[in-house]
Amino acid sequence: MAARTMNSTACLRLPAALMGDLREHLFRPDGDEHGAVIGASVIETGRGIRLLARRLFLAEDGIDYVPGERGHRMLTPCFVLRCVRACAQQGLAYLAVHNHPGSDRVAFSGDDMASHRRGYPALLDILDGSPAGALVFARNAAAGDIWLSPQHQIELDHAVVTGRTPHVLHPAPRKPRAADARYDRQARLFGDRGQQALGAQKIGIVGAGGIGSLVNEYLSRLGIGHLVVIDHDPIEATNISRVVGARASDCKPTWLPAKIARLLGWKPTPKVRIAERVAKEANPDIRFDAIEADIVDPHAADRLVDCDAIFLAADTMRARHVVNSICHRYLIPVWQAGTKVHLNDSTGDIADVFSVVRRLVPGESCLWCSGLIDRTRLAEEAASPQQRAAQTYIDEIPNPSVITLNAVAAAHAVDDYLFTTVGLTSPSARAEWIRHHPLSEYFAQLKTASEPGCPQCGGHLAAGPLEPLPVRERSQ
Ligand SMILES: [Zn+2]
Ligand SMILES: [Zn+2]
């Protein structure tokens with residue numbers, strides 16, 4: 001692994017189940033200190049280093065975690081070696097964990113820091129380029145001392161537990177800035193802290209068509225700091241009835257033959273550029289990455305791995321597969337929003353109409369093991385254009401689509417994201433999938449689960465770059 005020199009901040013993401021086990025181990029009725037080790041996959045991003053908690057090794061009191069010669073307690077050299085070797089073998093960073101008493105504030109003691117200086121240079125040798133470090137938890141706080149090399153240490157900025165009700169832990173409470181006057185009305189609901197959290201978020205939107213364009217509009221007006229929007233299509237005249245911000249002048253006039261338009265060098269506006277225009281009109285300070293590409297292009301998928309949330313508004317099986325994989329490998333929550341008009345095959349009559357929102361929680365709800373990624377269609381979509389022509393692949397009849405159906409799905413998805421992010425969702429709220437059937441005025445709540453043994457939400461959980469994404473070959 002290359003030397004890490006560029007990064008100055010680190011954050012840690014923990015799947016809720018792993019954090020639940022760790023919490024139970026550390027915070028026992030005895031009120032004492034306990035120890036463990038986390039093996040974390042590592043990504044270096046423009047936002048600093050992200051550590052993804054993949055393995056948890058619990059240290060047994062009196063055997064692996066014993067009274068130390070200098071400090072209060074210590075992990076035994078034997079336990080440390082066993083864990084660091086396992087981490088090195090799996091390409092993971094080694095993070096020693098213990099707890100301190102208290103709730104909202106935590107820091108290492110002088111003895112803790114001295115033990116890092118004594119121990120970590122040698123551990124870095126064994127880890128062969130992966131970081132070594134330590135984490136200390138209080139009930140509602142976390143701090144970290146991460147060693148990238150013997151010369152370069154960084155502090156943990158925060159830790160995120162990526163469960164149904166995501167939870168952020170800092171070393172100490174932070175005083176929020178007063179919200180910008182533009183956001184006064186919503187900050188009265190979210191609080192200055194909530195508004196500041198939204199401004200710090202980086203959100204991916206996959207698909208800038210009917211639903212994606214609405215999600216883009218909502219997020220940019222809400223004051224999200226950074227959007228990454230991915231779509232490879234240009235706008236067409238038939239999209240104007242649904243794509244927010246699209247103008248007639250963005251599309252090829254219907255009277256102009258495509259051939260002549262090409263000869264004149266005339267090009268319709270890419271959907272991502274329309275999204276960018278809308279977002280910047282809503283918030284001139286927004287950071288906006290317009291990615292004119294398919295999500296199955298590796299360079300496009302790579303742009304999402306350091307997001308805080310992703311909205312999936314592109315309805316291909318490959319898009320579902322890639323985004324579902326990013327959710328579980330990189331511990332990023334996803335909201336999939338879609339609409340469907342089912343027609344009766346023989347009569348052509350309308351059989352059902354619905355808008356649906358599915359929240360994917362890393363390690364907990366998954367499109368793969370819920371049977372929502374059709375393997376046959378996935379293979380058909382992966383075929384090259386030539387192969388598809390040979391298979392006489394026909395599925396090109398456009399589906400019915402209506403802006404109001406899209407709006408129900410988009411608004412519900414953004415609502416759900418919003419209230420969990422600003423911390424207003426009740427801890428007892430269940431992240432079930434919601435389907436609205438307007439013809440029968442019926443809301444269905446769909447149970448979500450993850451199947452034991454599923455590679456996507458199980459084996460690959462928090463694997464980060466150690467498990468490649470199901471994207472196109474990089475050479476293409
Ligand atoms: Zn300590
Ligand atoms: Zn699964």
>> Given the criterion in a helix (DSSP H, G or I), under 29 Å from K271 (Cα atoms) and among the hydrophobic types (A, V, I, L, M, F, W, C), identify the matching residue among A187, A208, A197.
In response: A197
>> If I326 meets every condition in (1) modelled with pLDDT of 95 or more; (2) surrounded by fewer than 19 Cβ atoms within 10 Å (Cβ to Cβ) apart from one, which number is that one?
In response: (2)
> Is segment 291-302 home to any residue that is modelled with pLDDT of 95 or more, under 20 Å from G46 (Cα atoms), of a type in the set (A, V, I, L, M, F, W, C) and in contact with a Phe, Trp or Tyr (Cβ under 6 Å, 6 or more places away or on another chain)?
Replying inline: no
> Of the numbered conditions (1) within 25 Å of the chain's Cα centre (by Cα); (2) over 28 Å from P400 (Cα atoms), K175 satisfies every one except a single condition; which is it?
Replying inline: (1)
> Can you name every residue in segment 342-368 that is more than 15 Å from ligand 2 (Cβ to nearest atom) and within 22 Å of V414 (Cβ to Cβ)?
Replying inline: V353, F354, S355, V356, V357
> For segment 52-66, which residues satisfy the criterion of being more than 15 Å from ligand 1 (Cβ to nearest atom) and touching a helix residue (DSSP H, G or I) at 6+ places or on another chain (Cβ under 6 Å)?
Replying inline: L52, A53, L56, F57, L58, D64
> Looking only at segment 70-101, which residues are within 17 Å of L58 (Cβ to Cβ), aliphatic (A, V, I, L, M) and away from ligand 1 (no atom under 16 Å from the Cβ)?
Replying inline: L81, V84, A86, L92
>> I'd like the full set of residues that are part of a strand (DSSP E or B), surrounded by 15 or more Cβ atoms within 10 Å (Cβ to Cβ) and out of contact with any helix residue (DSSP H, G or I) (no Cβ under 9 Å at 6 or more places or on another chain), limited to segment 67-90.
In response: R73
>> Cβ contacts < 7 Å: first residue at pLDDT 90 or above, restricted to segment 432-453; second residue surrounded by fewer than 14 Cβ atoms within 10 Å (Cβ to Cβ) and aromatic (F, W, Y), any location; separation 6+ or different chain. Result?
In response: I434/F443; H436/F443
> Quick one: what pairs do we get from segment 355-380, first residue modelled with pLDDT of 95 or more and of a type in the set (F, W, Y), second outside any helix (DSSP H, G or I) and surrounded by fewer than 23 Cβ atoms within 10 Å (Cβ to Cβ), C-beta under 7 Å, 6+ apart or different chains?
Replying inline: W368/C454
> Looking at G48, G68, G102, G31, which one is modelled with pLDDT under 95, in contact with a strand residue (DSSP E or B) (Cβ under 8 Å, 6 or more places away or on another chain) and over 30 Å from D308 (Cβ atoms)?
Replying inline: G68
>> among the charged types (D, E, K, R), in the same structural domain as L124 (by TED's automatic domain parsing) and farther than 21 Å from H116 by Cα: which single residue out of R50, R28 fits that description?
In response: R28
> Is it true that some residue in segment 98-107 is farther than 19 Å from I43 by Cα, of a type in the set (A, V, I, L, M, F, W, C) and surrounded by 19 or more Cβ atoms within 10 Å (Cβ to Cβ)?
Replying inline: yes
> Here is a list of conditions, (1) surrounded by 18 or more Cβ atoms within 10 Å (Cβ to Cβ); (2) more than 14 Å from ligand 2 (Cβ to nearest atom), and H460 meets all of them except one; can you say which number that is?
Replying inline: (2)
> How many residues are in contact with a His (Cβ under 9 Å, 6 or more places away or on another chain) and either more than 21 Å from N140 (Cα to Cα) or more than 9 Å from ligand 1 (Cβ to nearest atom) (or both) when one looks only at segment 108-118?
Replying inline: 1
> Right, V37: touching a Gly at 6+ places or on another chain (Cβ under 9 Å), assigned to a strand (DSSP E or B) and surrounded by 17 or more Cβ atoms within 10 Å (Cβ to Cβ) or not?
Replying inline: no
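Kindly provide the set of residues from segment 432-457 that are away from ligand 2 (no atom under 15 Å from the Cβ) and in a loop (DSSP other than H, G, I, E, B), ordered by number.
Step one: filter segment 432-457 for residues away from ligand 2 (no atom under 15 Å from the Cβ), giving 432, 434-446.
Passing the criteria: E432, P438, L439, S440, E441.
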>> With the requirement that a residue be in contact with a His (Cβ under 9 Å, 6 or more places away or on another chain) and either assigned to a strand (DSSP E or B) or within 16 Å of ligand 1 (Cβ to nearest atom) (or both), what does segment 12-27 give you?
In response: L12, H25, L26, F27
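The values are calculated or read from the model by the stated rules, or taken from the named source; none is laboratory data. No experiment lies behind these values; they were computed from the predicted model shown. As a convention, Cβ positions derive from the backbone with ideal geometry for all residues, glycine included, and neighbour counts pool all protein chains shown.
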